[in-house]
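First up is the structure itself, then whatever we jot down about it.
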Amino acid sequence: GFRTFLTERVGATELAEGGIEDIKTFDYREALRAAGAPVGDAFSRWDGGALKRHFRAYQHQVSIGFMARTRAALNESADTSVAMSCNNGVRTFDDVMQQFDWFFGELSRHHATPANLYRTAAMAGRLNRLQIVTMPKKGAHSLYGDPKGWERHTRQTIAVSYAVGAICMVPWDVYMPNTFSENRERSETARYFGKPADYADLFGFIRANDALLHGYEDAAAIGPGLFETRWGRDFPVVTEEGDDVYAFVRARPGDANAPVVVHLIDWRDTPTPFAVRLNPEAFFGDKTVGATLVAPVPYDPARHQAAEAEAQRLRKMAGSAQSFSPEQASAFKALSQARDLALVADGDDLVVRIPAIHPWALLVIEDR
């Protein structure tokens with residue numbers, strides 16, 4: 001196959017310059033051995049010249065063809081379209097990855113930042129795909145040293161994922177990369193089992209607020225490392241008194257009467273109150289607007305179990321096979337709290353004070 005690829009793509013002069021005298025008998029494996037090419041992961045870092053670049057392009061083409069044949073065979077066998085995902089590492093969107101219906105990526109701790117998560121979700125959206133991420137990973141040693149800091153980072157990652165239109169896996173039974181002991185022997189694979197007390201409040205909050213998440217799309221992204229250009233210098237929202245507080249503005253396309261939802265994420269180690277400055281014209285023009293802050297309720301086992309039981313009851317009544325449907329969101333309303341906030345005029349802007357959030361809240365702006 002590689003010989004055919006080279007014959008179709010590379011001229012005879014380039015082949016000869018690469019040491020290929022007879023393409024009909026050329027064997028790339030033997031050529032690599034003769035060149036002393038390394039094996040395993042080291043091969044990916046080996047230069048290999050033009051011939052290796054051609055081989056990578058050939059592999060790319062072969063992978064696309066393989067996935068097309070695989071999908072066709074699965075669909076024929078199932079007599080329906082079978083949805084397929086791939087692990088894109090939360091960073092790869094090439095033609096091979098685009099053969100899949102959605103992206104499911106293992107997120108490294110280094111890449112778990114608001115700016116990177118926003119860019120990744122936006123890229124997936126442009127390709128009409130959904131990006132799912134894992135909790136931040138940094139080897140098994142992340143389980144030690146600063147576990148509370150890591151759990152805080154995971155909570156922040158969950159919040160930002162939903163705020164930018166992606167999804168984060170529940171951090172339960174999550175594979176962590178192998179580490180090595182001092183004698184360099186591979187240690188036992190570590191897995192992470194999150195506790196409900198650390199994360200369940202966020203996932204209950206997500207279910208309770210399906211109406212403020214479902215169907216909403218990106219309208220503005222404000223915060224460190226984000227380059228928002230759609231509004232010129234007149235952003236719809238600006239956060240004050242919090243250097244690492246992010247605001248992701250989301251709206252329902254084509255529905256001018258729907259509330260606008262500003263996802264507020266506090267990325268600081270120690271959240272404190274802050275202020276949000278709004279440009280009212282960016283929301284409902286010259287109409288009077290009101291603001292409601294919607295936040296998670298602290299985890300309570302009995303409250304969560306009651307919510308799940310009610311959701312199951314509603315599911316049975318509806319005869320739904322779905323594990324969760326928008327109609328069941330009412331069962332989780334006790335896992336979310338809302339309160340109206342005062343909007344104070346300051347010149348042409350409106351300013352609202354936000355209490356400390358840990359790490360996520362929805363500022364809902366409505367026409368009143």
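If we count every other residue with Cβ under 10 angstrom of R207's Cβ, Lys/Arg +1 and Asp/Glu -1, where does the sum land? Each step should come with its number before you reach the end.
Values: positive: K333; negative: D210, E308.
Taking every other residue near R207 into account, the sum is -1.
Once you order the gyration tensor axes a ≥ b ≥ c over the Cα atoms, which shape class does segment 253-368 get: rounded for a/c under 1.5, otherwise prolate or oblate by comparing a/b with b/c? Walk me through the numbers before you get to the answer.
Values: a/c = 3.07, a/b = 1.60, b/c = 1.91.
It comes out oblate by the Cα gyration axes.
With springs only between Cα atoms under 10 Å apart, run a GNM on the chain and tell me which of G194, G347, G65 wobbles the most.
Maximum among the listed residues: G347.
Of the residues R119, R155, R230, which exhibits the maximal mean-square fluctuation in a Gaussian network model of the chain defined by a 10 Å Cα contact cut-off?
Per the Cα network of the chain with a 10 Å cutoff, R230 tops the list.
Computed from the coordinates I sent, Rg/Rh (Cα atoms, Kirkwood Rh) equals one of (i) 1.33; (ii) 0.94; (iii) 1.06. Tell me the label.
(iii)
Calculate the FRET efficiency for A275 and A345 from the Cβ-Cβ distance with a Förster distance of 22 Å, rounded to the nearest 0.05. Write down the numbers at each step before the final one.
Details: r = 14 Å, r/R0 = 0.62.
That gives a FRET efficiency of 0.95.
Anyone know which of A356, A311, A37 comes out most mobile in the 10 Å Cα GNM of the chain?
Of A356, A311, A37, the Gaussian network model singles out A37 as fluctuating most.
Counting only pairs 8 or more residues apart or on different chains, how many lysine pairs in the chain have their Cα atoms under 23 Å apart?
Total qualifying Lys-Lys pairs in the chain comes to 8.
Can you compute the charge dipole magnitude of segment 8-67 about its Cα centre, using +1 on each Lys and Arg Cβ and -1 on each Asp and Glu Cβ, nothing else charged? Give it in debye, rounded to the nearest 20.
Numbers: 8 positive and 9 negative charges, 52 e Å.
Result for segment 8-67 is approximately 240 debye, rounded to the nearest 20.
Where does each of 292-300, 72-80 land if you order them by average Cβ count within 10 Å, highest first? Kindly include the intermediate steps, with their values, before the conclusion.
Details: 292-300: 17.8, 72-80: 10.1.
Averaged packing, sorted descending, gives the order 292-300, 72-80.
From the phi angles alone, apply the Karplus equation (6.51, -1.76, 1.60; θ = phi - 60°) to segment 288-297 and give each ³J(HN,Hα) in whole Hz, x where the residue is Gly or Pro.
6, 10, x, 10, 10, 9, 10, 9, x, 8
Solvent-accessible area per residue for the chain at a 1.4 Å probe radius, Å²? Before the final figure, lay out each step's value.
Working: 20250 Å² over 368 residues.
Ligands and nucleic acids excluded, the figure is 55 Å² per residue.
What percent does the relative contact order of the chain come to when contacts are Cα pairs within less than 8 Å and at least six residues apart? Show your work: numbers first, answer last.
Values: 569 pairs, mean separation 46.1, N = 368.
After rounding, I find 13 percent.
Taking all protein chains as present, what is the carbon and sulfur share of the accessible area of the chain, in % to the nearest whole number, probe 1.4 Å? Please report the intermediate quantities before stating the final value.
Values: 10370 of 20250 Å².
With neighbouring chains kept in place, the figure for the chain is 51 percent.
Given a Förster radius of 30 Å and the C-beta distance between R313 and A73 as r, what FRET efficiency does 1/(1 + (r/R0)^6) yield to the nearest 0.05? Intermediate values should be presented prior to the final figure.
Working: r = 41 Å, r/R0 = 1.37.
Calculated transfer efficiency: 0.15.
How long are the three semi-axes of the equivalent ellipsoid for segment 180-287, computed from the Cα gyration tensor as the root of 5 times each eigenvalue, in whole Å, largest first? Numbers along the way, then the final one.
Numbers: eigenvalues 262, 74, 41 Å².
Its equivalent ellipsoid spans semi-axes of 36, 19, 14 Å.
If I model a spin label as a point 7 Å beyond the Cα along the Cα-Cβ vector, how far apart are those points for R29 and R233 in nm?
Label at R29, label at R233, 6.5 nm between them.
Taking the Cα centroid of segment 19-56 and of segment 77-156, what is the distance between the two, rounded to the nearest whole Å?
Cα centroid of segment 19-56 versus Cα centroid of segment 77-156: 32 Å apart.
Any idea which of Y28, F43, G1 is furthest toward the positive side of the dipole for segment 1-58, if Lys and Arg beta-carbons carry +1 and Asp and Glu beta-carbons -1?
The residue sitting farthest along the positive end of the dipole is F43.
Just how large is the dipole of the chain about the Cα centre, in debye to the nearest 20, putting +1 at every Lys and Arg Cβ and -1 at every Asp and Glu Cβ? Provide the component values of the computation, followed by the final result.
Working: 41 positive and 47 negative charges, 161 e Å.
Magnitude of the dipole: close to 780 debye.
The values are calculated or read from the model by the stated rules, or taken from the named source; none is laboratory data. Predicted model, so just to flag it, every value in this text is computed and none were measured. Every residue, glycine among them, receives a Cβ derived from its backbone with ideal geometry; neighbour counts consider all protein chains shown. Ligands, DNA and RNA are stripped out before the accessible areas are found, and what is left, the full protein with its side chains, is counted by its heavy atoms. Shrake-Rupley method; radii C 1.70, N 1.55, O 1.52, S 1.80 Å.
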